[in-house]
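Notes to accompany the following structure.
The values are calculated or read from the model by the stated rules, or taken from the named source; none is laboratory data. The shown structure was predicted, so the numbers you read here are calculated from the model rather than taken from an experiment. Cβ: placed from backbone, ideal geometry, glycine included. Neighbour counts: every protein chain shown. The accessibility values were calculated without ligands, DNA or RNA, using every heavy atom of the protein model including side chains. Shrake-Rupley method; radii C 1.70, N 1.55, O 1.52, S 1.80 Å.
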Amino acid sequence: MFRSFIQCILLITCLTSATVWAADTVKLTNGEWPPYLSKEYKHHGLISHIVTEAFKQSGVTVEYGFFPWKRAFKEAQEGKKWAGSVVWTKNPDREADFVFSDAVIELKEVFFHRKDLQFDWSTMKDLSKYKIGASIGYSYGDAFAKAEADKLINVARTAKDETSLKKLAAGRIDLFPATLEVGYALIADKLDEASGKLLTNHPKPLRETSYHLILSKKVANSEELIKKFNEGLAKIKSSGAYDKMLTDSIDGKYRP
């Protein structure tokens, strides 16, 4: 009887000090970022598919909940109903609260422009003569932020990416930075065919960024789950499954 009582106390202490998740299920917050993440896309988009398949290698099932990004982050940070979130960049503030996986994907942001604009650039100074669209609240990296703050570049921010792309097609701005695949997904989904054909991208990356699965440190087995995920990610990369998913995304096979 006494031994059972002690075991009960230890169990309660464990459960109240940190959330414990079943080893065969993980619940992750998600959001809208087509073609990588979307409730409406097949497999919930390319990145969701990668995360699902990587966990599957270790027998772990993923459940996704879709939220606005601010709430998605907060729910994951609390680590109560949701263990973590896909996908985020690293910074010191986030690393204080989360365990980060290996890079799920590395993406590059480029400048989109009209095909009739003879555009080339090497440094931020080269961008000073152009009107650049950007999205409110979104960071395009330290170099861009400094150039914008110093008034070296002329930036017009709007609430939505699609608004800037429409302005770009209409010639009201000259450049718009966006992740390569996201830009083309938006062009296909939000612009009419004639407008879409007016646009292209410059090959030089504005920045290249890695994105990671994050699990709350409040989840007791977060380190174990991340280890399983990383092992599964390595397996699907070595098997060729990862590259096939990337190709399928480029070919539009995740579209609803």
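Condition first: surrounded by 13 or more Cβ atoms within 10 Å (Cβ to Cβ) and within 15 Å of TYR138 (Cα to Cα). Now tell me which residues in region 150-171 satisfy that. Listed by number, the residues that qualify are VAL155, ALA156, ARG157, THR158, ASP161, GLU162, THR163, SER164.
Would you call ALA145 at pLDDT 95 or above and among the small types (Gly, Ala, Ser)?
On the way: at pLDDT 95 or above: no; among the small types (Gly, Ala, Ser): yes.
The answer is no for ALA145.
When the residues of region 37-56 are narrowed to those that are touching a strand residue (DSSP E or B) at 6+ places or on another chain (Cβ under 9 Å) and in a loop (DSSP other than H, G, I, E, B), which ends up surrounded by the most Cβ atoms within 10 Å (Cβ to Cβ)?
The selected residue is GLY45.
Can we say LEU107 is open to solvent by less than 70 Å² (accessible area, probe 1.4 Å), closer than 24 Å to GLU181 by Cβ and more than 21 Å from the chain's Cα centre (by Cα)? So LEU107 fails the test.
Scanning region 88-100 for residues that are charged (D, E, K, R), within 19 Å of SER139 (Cα to Cα) and in contact (Cβ under 8 Å) with a residue 24 or more places away in the chain gives LYS90, ARG94. Tallying residues that are of a type in the set (Gly, Ala, Ser) and either exposed (fewer than 15 other Cβ atoms within 10 Å of the Cβ) or closer than 18 Å to LYS70 by Cα (or both) within region 88-102 yields 1.
Residues in region 57-68 that are more than 19 Å from SER101 (Cα to Cα) and not in a strand (DSSP E or B) were compared, and the one that is most open to solvent (accessible area, probe 1.4 Å) is PRO68. Has region 206-225 got any residue that is open to solvent by 20 Å² or more (accessible area, probe 1.4 Å) and in a helix (DSSP H, G or I)? Yes: one or more hits. Scanning region 189-214 for residues that are without any contact (Cβ under 8 Å) to a residue 40 or more places away in the chain and not basic (Lys, Arg) yields LEU191, ASP192, GLU193, ALA194, SER195, GLY196. Condition (residue is part of a loop (DSSP other than H, G, I, E, B), surrounded by 21 or more Cβ atoms within 10 Å (Cβ to Cβ) and in contact (Cβ under 8 Å) with a residue 12 or more places away in the chain) applied to region 80-87: is it met by at least one residue? Yes - at least one qualifying residue is present in region 80-87. Here's a check for you: in region 183-194, which residue that is buried (at least 16 other Cβ atoms within 10 Å of the Cβ) and of a type in the set (Gly, Ala, Ser) is modelled with the lowest pLDDT? Result: ALA185. Considering only region 123-142, state which residues are assigned to a helix (DSSP H, G or I) and either modelled with pLDDT under 95 or surrounded by 16 or more Cβ atoms within 10 Å (Cβ to Cβ) (or both). Scanning region 123-142 gives MET124, LEU127, ASP142.
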